[in-house]
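Down below is the structure, laid out as structure tokens.
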Amino acid sequence: MGKNSNRAILVLESPWELDSEDSNRSSVLPFVEGVARLTDNTEVYHANFYDKNSFDFALNCLCKTQFKNTIVYIAAHGYKQKIGNMKISDLLFKIGLKSTEYNITGVMLGSCFVGENTTTMEAFIQDTNLKWCSGYSSSSMWLEGTMIDCAILAKMSHIGKREFSEGPRLINCFAEALSPFSKTYEIGEDYKDNPVSLENSMQFVIQPTGKGRHARTVSSDVFDVHDSFQLEG
């Protein structure tokens, strides 16, 4: 760990096999490492997983040190309620158990479709140390989605403890992270192969710090604020 490090991004990734010759060649890791290099105080840890057992092992391997702000980035194929051969509920439950001890504040789901499960996301970050969870409710193009994920990781890794108690501030941070990207961009397709815009795909759930605060979906709020970062005319 770097002597000035106070942030961490834990990358748990499944093989992508983007083409017939992709022998574990494709990885989000170089992109996330680029985000970390923007500052001198962010550590990146990476492990592969293939199913529920290997996910447990990988998560345990990565959770060794408490930082001021740790984000878990899940990078894997997803479909309906499964991500990397795991149920999203099992995955969020496992991360939630670790969230207080290792100060895990957020989860970025870099996967197709699983972001549609906002009710599950709300239920499984409730009463944990997790302040936010985000993902795609449609398919997502690999490179474009990875760049969007990295923009969110870069922004949310710099959130301070005080800001986690402010719902509007969290919404503003998501909107600012997405501001370089058009909300009408076709990020992917639905289950019937119809095109889906970024605005209609990207989902955000937050749980601000504070007694009695409940996890809630704020996706429409994020894109409303997103407009304020765009030049008119």
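If only the Cβ of Lys and Arg carry +1 and only the Cβ of Asp and Glu carry -1, the dipole of the chain around its Cα centre is close to 1160 debye.
Over the stretch 27-92, the hull volume per residue, using the convex hull of the C-alpha atoms, is 96 Å³. Shown here for the stretch 79-124: GluC sites (Glu not before Pro) in loop regions (DSSP other than H, G, I, E, B) with at most 12 other Cβ atoms within 10 Å, namely Glu101. Fewest neighbouring Cβ atoms within 10 Å first, the residues Cys61, Cys112, Cys133 line up as Cys61, Cys112, Cys133. Between the residues Ile88, Gln207, Phe229, the greatest Cα displacement towards the positive end of the dipole of the chain, with unit charges on the Cβ of Lys, Arg, Asp and Glu, is found for Gln207. As a rough footprinting exposure proxy, the listed residues Asp227, Asp19 were ranked by other beta carbons within 10 Å of their own, and the order from fewest upward is Asp19, Asp227. In plain terms, the residue of His46, His214, His158 with the fewest other Cβ atoms within 10 Å comes first and the most crowded comes last, giving His214, His158, His46. Residue pairs exceeding 25 angstrom between C-alpha atoms, taken from Lys64/Lys211; Lys131/Lys155; Lys80/Lys192; Lys161/Lys183; Lys98/Lys161; Lys80/Lys211: Lys64/Lys211; Lys161/Lys183; Lys80/Lys211.
Relative contact order of the chain: 17 percent, from C-alpha pairs under 8 Å at least 6 residues apart in sequence.
Each label point was placed 7 Å from the Cα along the Cα-to-Cβ direction; for Tyr79 and Thr39 their separation is 3.8 nm. Averaging 1/r across all pairs of distinct Cα atoms in the stretch 7-229 and inverting the result yields a Kirkwood radius of 17.2 Å.
Only Cα pairs within less than 10 Å get springs; with that Gaussian network setup on the chain, which residue of Glu17, Glu163, Glu144 has the largest fluctuation? Comparing Glu17, Glu163, Glu144 in a Gaussian network model of the chain, the most mobile one is Glu17. The residue among Ile9, Asn69, Tyr79 whose Cα reaches farthest toward the positive pole of the charge dipole of the chain, with charges on the beta-carbon of Lys, Arg, Asp and Glu, is Asn69.
Just so you know, all these numbers are worked out from the coordinates, no wet-lab data involved. All of these numbers come straight from a predicted model, not from anything done at the bench. Backbone-built Cβ (ideal geometry, glycine too); neighbour counts: all protein chains shown.
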